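The values are calculated or read from the model by the stated rules, or taken from the named source; none is laboratory data. The shown structure was predicted, so the numbers you read here are calculated from the model rather than taken from an experiment. Don't worry about glycine lacking a Cβ; one is built from the backbone with ideal geometry, like all the others, and counts go over all protein chains shown.
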Amino acid sequence: MYRFLLTPRWWGINVFVLLAIPFCVFMGSWQLSRFEARVADHRDAGEQAEENKREAARPLAELLPVDKATSGRQATVRGRYAEQLLVPDRELDGKRGYYVLTLLRADGGKALPVVRGWLPGDPDRADAPAAPDGEVTVTGALQASEVPGENGVPARGGLPSGQTGAISAASLVNLVPYELYDAWITLDKADSGMKPVPVTAANDTGLDLKAFQNLGYTGEWFVFAGFVVFMWFRLLRREVEFVRDARLGLAPDEDQDQNEGRVSSPSGV
């Protein structure tokens, strides 16, 4: 009854099933491992944040480039404040406001973006406190450059002069005439009555949309594997029923159908 499994058609079906199931299981397992890795990163980021609060500040040069290990750590750098910009559409404690960002010209000429604090309302240069004059030493949490459209950073263009949508060297390079560090810091204690901007987790370390997409893809791949098995058994059952019906004379024989078709055809056609 099952000799039909040796036909070329069923050989193709069986080979496809034998390849598709392991592939779906592998892809589902890989997506699950990505989700578990993001969960572990999220847990490690929380532990690192507590550790960063206890560690002493280190010179900026020792912490660059910014990665998962150095993001959020206390950095110190000496220099002079230069241009000041405002970063609109930033929320703090459920209120809409803006960051006051001042560039710090460090030794060597490069500038480091320093977020000196947050103010509520619409960006207004008159309300933003001026930066201290002279040489200063600033200490704050090191942060990686922002990417517009990710981690709550608005992808907004066409801002007025003196404003920037994202805190990154790529966004600031056309606004200042000197080289920039590919990083920024947020002061632990905000200047002049502003609220300090809290530290954000490093990229790809939180339980964000990408993490739950990995979890969703995990389920989809395992569902695909189950669907392949289901369809194989359905096709097998259908073929077995067809063979059984043929043996009992309940299904028309293919040759008989063809002969009947020739007999019933009008002559001369």
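Things worth noting here:
- Only one of the numbered conditions (1) hydrophobic (A, V, I, L, M, F, W, C); (2) in contact (Cβ under 8 Å) with a residue 40 or more places away in the chain; (3) more than 20 Å from D182 (Cβ to Cβ) is not met by A126, and that is (2).
- Qualifying residue in region 199-210 (condition: within 30 Å of A130 (Cβ to Cβ) and either among the small types (G, A, S) or at pLDDT 65 or above (or both)): yes
- Close Cβ contacts (under 9 Å, 6 or more residues apart or on different chains) running from residues in region 167-182 that are under 13 Å from R105 (Cβ atoms) and touching a residue at least 24 places away in the same chain (Cβ under 8 Å) to residues that are of a type in the set (D, E, K, R) and part of a loop (DSSP other than H, G, I, E, B) comprise Y178/K110; E179/K110; L180/K110; Y181/K110.
- For region 118-165, a residue qualifies if it is surrounded by 12 or more Cβ atoms within 10 Å (Cβ to Cβ) and β-branched (V, I, T), and the qualifying residues are V136, V138, T139, V147, V153, T164.
- When residues of region 69-99 are limited to those that are crowded, with 20+ Cβ neighbours inside 10 Å and more than 30 Å from the chain's Cα centre (by Cα), the one nearest to L119 (Cα to Cα): Y81
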